[in-house]
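The values are calculated or read from the model by the stated rules, or taken from the named source; none is laboratory data. Given the structure is predicted, the values throughout are model-derived calculations rather than measurements. Don't worry about glycine lacking a Cβ; one is built from the backbone with ideal geometry, like all the others, and counts go over all protein chains shown.
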Amino acid sequence: MTTSAEWFDRARQVTPGGVNSPVRAFGSVGGTPPFSVKGEGAWLTDADGNRRVDFICGWGPLLLGHSHPEVVDAVQQTAADLMCPGGSTPGEVELAEAVVARLKQVDENAIDEVRLVSTGTEATMTAIRLARGVTGRDLIIKFSGCYHGHSDGLLAAAGSGLATLALPGSAGVPEPITSQTIVLPYNDLDAVRAAFTEHEGRIAAIIVEASAANMGVVPPLPGFNRGLAEICHTDGALLICDEVLTGFRTGPAGWWGREQEDPERGGWTPDIFTFGKVIGGGMPVAGLGARREIMETLAPNGPVYQGGTLSGNPVAVAAGIATLRLADDAVYAHIDASADRVIGAVKREFDLVGVPVAVQRVRNLFSFAMGDGADLGWSGVDEFGSPAPINEAEVKRQEGWRYPAFFHAMLDAGVNLPPSVFEAWFLSVAHDDEALAHFEAALPAAAEAAAAATP
Ligand code: PLP
């Protein structure tokens, strides 16, 4: 028995499913999850001493790689001085300033203030409460396949028809709560218009990932986000742009910032942003930001309550400040180039074994949908001209049964991929030539394993 398997056995005695977040249990790929003991740059070492190139990067936070020395140093120094003062600290101000400055570089009016919390779930939950408080309305719209954390109202599944109220997406979520949520297909502005017609003047907000990346990556069609902003602003609703995953990863001002660089996509500003992952650099920090008149509706100045014992914790914030300080244009250019290389290699090897893949990508964030998109009815097009899925229904039609064989062949060859075909792959600036060459060497056999897999 491996040491990881021993830990997994022990974990299952004291933790549900042996994990503290379900995807870690390897439910969709099978097998025993490695228990990590050390991370260095692009590499993760497990309890059995296996060293692997990591394409999860903590599910996004580690833009600079594992245990970047300057981030570690900031954490150690801060912890030695002050761990949990219960009052305000300079670091909270500095992190909020850094976030505001990055967004203002793109649009002076995008955001004035940030409230720090500890998880993305809290950030989106608070953003929705804030939108309801500001508008005095109750209904919210979310999109199938977009994930915004696990607050009750956002664990909603589509109802029986378009523009109908949603059903609970998890046991334990009361129907009266999800009946305040409308779940619509992603990339479908007509569905959004229909919902606004049916519920005119009752919708507080649309919440949308800046780019969908929790059903694999599904880029917004050009103009989709702008259309959402226009519909919201015509009706008096707010647009919440969830950049928990994409923020400060896909670009210095997130995927929203990247869209503003592109005339086909730009020209929209959400009312509330949510952030997480990279702004904590691997520590528990998330946040929400908006223009001053919206943010001033939050307690203590306004009537919308929100608080947190660990909100803006100095040790956590120190990791975020160090990460954002180091994440300059060169870092993004490096990771974008690494993404080109990884995507090119995967495309090449899958072509060789005759398994079509659609590249689902927003800059350095990507995943692959397997199968012949023409047969599967995918209505988008990827950067190679292949059909690609544009919403959850299309994504789910893929030959996902090929992924476990591919995943395990890569794992055995020393590559740590996301343990689900419906997750994005994450790179860091520490993914250097050695790490990428190691990945490329593992690919041919894994692509063959994917080709040989059966449903
Ligand atoms: N929003 C998005 C877009 C996410 O990807 C996630 C988590 O993956 C969340 C919110 C929730 O963040 P957390 O897991 O920190 O609660």
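A few comments on the model shown:
- Comparison of Ala337, Ala290, Ala299 shows that the only residue that is modelled with pLDDT of 95 or more, closer than 30 Å to Val72 by Cβ and hydrophobic (A, V, I, L, M, F, W, C) is Ala337.
- Taken over region 102-123, the residue count meeting the criterion of being crowded, with 24+ Cβ neighbours inside 10 Å and over 20 Å from the mean Cα position of the chain (by Cα) is 1.
- Any hit, region 67-90, residues being surrounded by 19 or more Cβ atoms within 10 Å (Cβ to Cβ) and either within 30 Å of Ala441 (Cβ to Cβ) or modelled with pLDDT under 95 (or both): yes
- Any hit, region 124-135, residues being modelled with pLDDT of 95 or more, within 13 Å of the ligand (Cβ to nearest atom) and among the basic types (Lys, Arg): no
- So Ala290, is it in contact (Cβ under 8 Å) with a residue 40 or more places away in the chain, of a type outside the set (D, E, K, R), away from the ligand (no atom under 13 Å from the Cβ) and buried (at least 24 other Cβ atoms within 10 Å of the Cβ): yes
- Filtered residue count, region 12-26, keeping only those that are in contact (Cβ under 8 Å) with a residue 24 or more places away in the chain and more than 30 Å from Val331 (Cβ to Cβ): 1
- Filtered residue count, region 382-395, keeping only those that are under 22 Å from the mean Cα position of the chain (by Cα) and either without any contact (Cβ under 8 Å) to a residue 24 or more places away in the chain or over 17 Å from Tyr186 (Cα atoms) (or both): 2
- Restricted to region 136-169, and to residues there that are touching a Ser or Thr at 6+ places or on another chain (Cβ under 7 Å) and in a helix (DSSP H, G or I), the residue that is farthest from the ligand (Cβ to nearest atom) is Gly153.
- All of Ala442, Ala430 fail the test of being touching a residue at least 24 places away in the same chain (Cβ under 8 Å) and either assigned to a loop (DSSP other than H, G, I, E, B) or in contact with an Asp or Glu (Cβ under 7 Å, 6 or more places away or on another chain) (or both), apart from Ala430.
- Condition met for Val346 (touching a His at 6+ places or on another chain (Cβ under 9 Å), in contact (Cβ under 8 Å) with a residue 60 or more places away in the chain, not polar (S, T, N, Q) and not assigned by TED's automatic domain parsing to the domain that holds Thr126): no
- One residue stands out among those in region 330-372 that are more than 25 Å from Asp262 (Cβ to Cβ) and assigned to a helix (DSSP H, G or I): the one that is nearest to the chain's Cα centre (by Cα), which is Ala345.
- Among the residues listed as Thr323, Thr246, Thr250, Thr274, the single one being buried (at least 24 other Cβ atoms within 10 Å of the Cβ), of a type in the set (Val, Ile, Thr) and touching a Phe, Trp or Tyr at 6+ places or on another chain (Cβ under 6 Å): Thr246
- Look at (1) within 16 Å of Phe248 (Cβ to Cβ); (2) surrounded by fewer than 21 Cβ atoms within 10 Å (Cβ to Cβ) and you find that Val99 fails only one, number (2).
- Thr119 touching a strand residue (DSSP E or B) at 6+ places or on another chain (Cβ under 9 Å) and either within 16 Å of the ligand (Cβ to nearest atom) or more than 24 Å from Val429 (Cα to Cα) (or both): yes
- Note on region 170-223: among residues that are over 22 Å from Ala237 (Cβ atoms) and of a type in the set (Gly, Ala, Ser), the one that is nearest to the chain's Cα centre (by Cα) is Ala213.
- For the criterion of being of a type in the set (Lys, Arg), assigned by TED's automatic domain parsing to the domain that holds Asp271 and assigned to a strand (DSSP E or B), Arg115 passes.
- Total residues in region 260-278, condition part of a helix (DSSP H, G or I) and either within 11 Å of the ligand (Cβ to nearest atom) or hydroxyl-bearing (Ser, Thr, Tyr) (or both): 1
- Residue in region 316-328 that is aliphatic (A, V, I, L, M), farther than 30 Å from Val72 by Cβ and either outside any helix (DSSP H, G or I) or not assigned by TED's automatic domain parsing to the domain that holds Ala110 (or both) present: no
- Yes/no for Gly31 being under 19 Å from the mean Cα position of the chain (by Cα) and of a type outside the set (Asp, Glu): no
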